[in-house]
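**Q** There's a structure below that I have some questions on.
The values are calculated or read from the model by the stated rules, or taken from the named source; none is laboratory data. These numbers come from a predicted model, not from an experiment. Here Cβ is always computed from backbone atoms with ideal geometry, including for glycine, and neighbour counts include all displayed protein chains. Ligands, DNA and RNA are excluded from the accessible area calculation, which covers all protein heavy atoms including side chains. Shrake-Rupley method; radii C 1.70, N 1.55, O 1.52, S 1.80 Å.
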Amino acid sequence: MSDPPLVPRPEALVRAVRVGKRFGETEVLRDVDLSVQPGEVLAIIGPSGSGKTTLLRCIAHLEHPTSGHVEIAGERVGAVLDRGHLRPMSDREIARLRQGIGMVFQRFNLFPHLTAIENVMLGPVQVLRRHRSEAEPLARELLRKVGLAHKADSYPERLSGGQQQRVAIARSLAMQPRLMLFDEATSALDPELIGEVLAVMRDLARDGMTMLVVTHEMGFAEDVADRVVFMDHGRVVEEGPPRELFRAPSHARTQAFLRAVIDRQAMAEAP
Amino acid sequence: MSWNILADSMPQLLQAALSTLQMTGLAFLIAAVLGLPLALARMGPGLPGVLALGYIETMRGVPQLALLFLIYFGLVPLGIALRAFDAAVIGLGLSGAAYLAEVYRAGVQGVEPGQIEAAQMIGMRRRAVLRHVVLPQAWPAVLPPMGNYLVALLKDTSIASIISAPELMLRARDLSSEYFLPMDYYLLVGGMYLVMAWPLMQGTRMLERRAARGRLQGEVR
């Protein structure tokens, strides 16, 4: 995956082209090429510090690549071609771009001053200018979909981590995004709460949502992802269908990582 | 204590106390309204940020009394002759804006960056993020120091007596020198400031308790 595809593939919904990112002296991403087809579920795995989260944040334009660029549906993230020149996107253009991208954070980031349903309605009402009478049934439907219809009027502090994360997913879905980014969505959860969030993500994948999932949940990646990307030290080391990558990883680094993860899980599960 | 004389002065003193309250209220309004754009400029990039910082640092470094003299006497050669009361309101308001700008800034910077990112990712523009996500969360942290500032401002209006703005301290000085009763009048007037400040102090304490409770819940969450 070190050579970028010579022929552009216009059908890709997300395309990272030789994306590099440094924070001062530290090189977090090095020439990362990646593409995601519409409807595809892509899992990104790798040790912490491998650049997975930064890559996701570059796609969301929360970080700006120091080299290369990201395209979403052929549109360049963060820049527009204006009379033959690339110029940075305006506040309005960035906001419009992000409307199409849902992002689920490790720390949920629900708005603590709003109830669950208000969290879900904020985008439709304030950004899409929907009337409350129209946005509320939609928000209720989404909360029902994530199994939290009965918590609509609860404030985030009254919800468990798993419930908060499910509300956060509903909040993203309310904007009807064409792409969902999951940044270690279950890493901050108590083990017994991980399942309920993964179940919602599984449903979403089944409904055909295009998803980029940075995760440490190897079981989920193996079951749900169409393709798995293994990253290390800011590079894509290996990618392929989950069965191949998990059963027969071709790179030594991937083998070592998977072995370490499996050993850890085995140890945790041992009586 | 010369109770009769003091009692006779009460209508005048109450009238003056009312002026003090008006002066406090108006200066606070200027400070509170002007402070927000100042804080936002200060946190932003470029020239506005530099100008806002310059303004804030200047106001912090210049005595309020000097500022009052500047506005009341200093502007006269430029053809701007303000009433003493107005000059005091403007001077106290302008220096208060710098103070409250820093209070607002601390409040806004106390909001988790993740909150702003979450708002951005549902497609909110800068203004909407500020209005719907940042300010509502900064508010509980901002209110207690704002209350403290209001109490301080109430007492600081007394310096307006030096440019003869009609307020409580000026009236007290006039009366005490008229009757040669400084102890009686200043004790009485000190008590009157205390009575006016008391509800503000209690209100501020209540807000502080509420803000602390919010923070505690934040930790549990």
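**Q** Filter region A:114-129 down to the residues that are open to solvent by 10 Å² or more (accessible area, probe 1.4 Å), touching a residue at least 24 places away in the same chain (Cβ under 8 Å) and facing chain B (nearest Cβ under 7 Å) and list them by number.
**A** A:Leu122, A:Val127
Condition check ((1) of a type in the set (Lys, Arg); (2) more than 7 Å from chain A (Cβ to nearest Cβ)) across all residues:
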site	(1), (2)
B:Ala118	no, no
B:Arg126	yes, no
B:Pro145	no, yes
B:Ile159	no, yes
B:Ile162	no, yes
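Results for (1) at pLDDT 95 or above; (2) assigned to a helix (DSSP H, G or I); (3) β-branched (Val, Ile, Thr); (4) closer than 18 Å to B:Arg42 by Cβ, shown as yes or no for each residue.
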residue: B:Ala81; (1), (2), (3), (4): no, no, no, no
residue: B:Ala87; (1), (2), (3), (4): yes, yes, no, no
residue: B:Ser95; (1), (2), (3), (4): yes, yes, no, yes
residue: B:Glu102; (1), (2), (3), (4): yes, yes, no, yes
residue: B:Trp139; (1), (2), (3), (4): no, yes, no, no
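**Q** Of the residues B:Ile5, B:Ile30, only one is open to solvent by less than 90 Å² (accessible area, probe 1.4 Å), part of a helix (DSSP H, G or I) and either in contact with a Phe, Trp or Tyr (Cβ under 7 Å, 6 or more places away or on another chain) or farther than 17 Å from B:Leu94 by Cβ (or both); which?
**A** Unique residue meeting the criteria: B:Ile5.
**Q** Looking at A:Glu93, is it in a loop (DSSP other than H, G, I, E, B), within 11 Å of chain B (Cβ to nearest Cβ) and not small (Gly, Ala, Ser)?
**A** No: the conditions fail for A:Glu93.
**Q** Does any residue of region B:104-118 turn out to be within 23 Å of B:Thr58 (Cα to Cα) and aliphatic (A, V, I, L, M)?
**A** There is at least one residue in region B:104-118 that is within 23 Å of B:Thr58 (Cα to Cα) and aliphatic (A, V, I, L, M).
**Q** Next question, about the same structure. Check off (1) modelled with pLDDT under 95; (2) part of a strand (DSSP E or B); (3) not aromatic (Phe, Trp, Tyr) for A:Asp3 and give me the number that stays unchecked.
**A** Of the numbered conditions (1) modelled with pLDDT under 95; (2) part of a strand (DSSP E or B); (3) not aromatic (Phe, Trp, Tyr), the odd one out for A:Asp3 is (2).
**Q** Then there's this: If we scan region B:9-16, do we find a residue that is crowded, with 18+ Cβ neighbours inside 10 Å and more than 21 Å from B:Val151 (Cβ to Cβ)?
**A** Yes, some residue in region B:9-16 is crowded, with 18+ Cβ neighbours inside 10 Å and more than 21 Å from B:Val151 (Cβ to Cβ).
**Q** Also, quick follow-up: Here are B:Leu21, B:Leu38: which of them is in a helix (DSSP H, G or I), under 17 Å from B:Ala106 (Cα atoms) and either open to solvent by less than 20 Å² (accessible area, probe 1.4 Å) or modelled with pLDDT of 95 or more (or both)?
**A** None of the other options fit; the residue is B:Leu38.
**Q** In region A:216-271, which helices (runs of 4 or more DSSP H) lie fully inside it and hold 3 or more residues that are loosely packed, with under 12 Cβ neighbours inside 10 Å and without any contact (Cβ under 8 Å) to a residue 24 or more places away in the chain?
**A** Passing ranges, in order: A:252-269.
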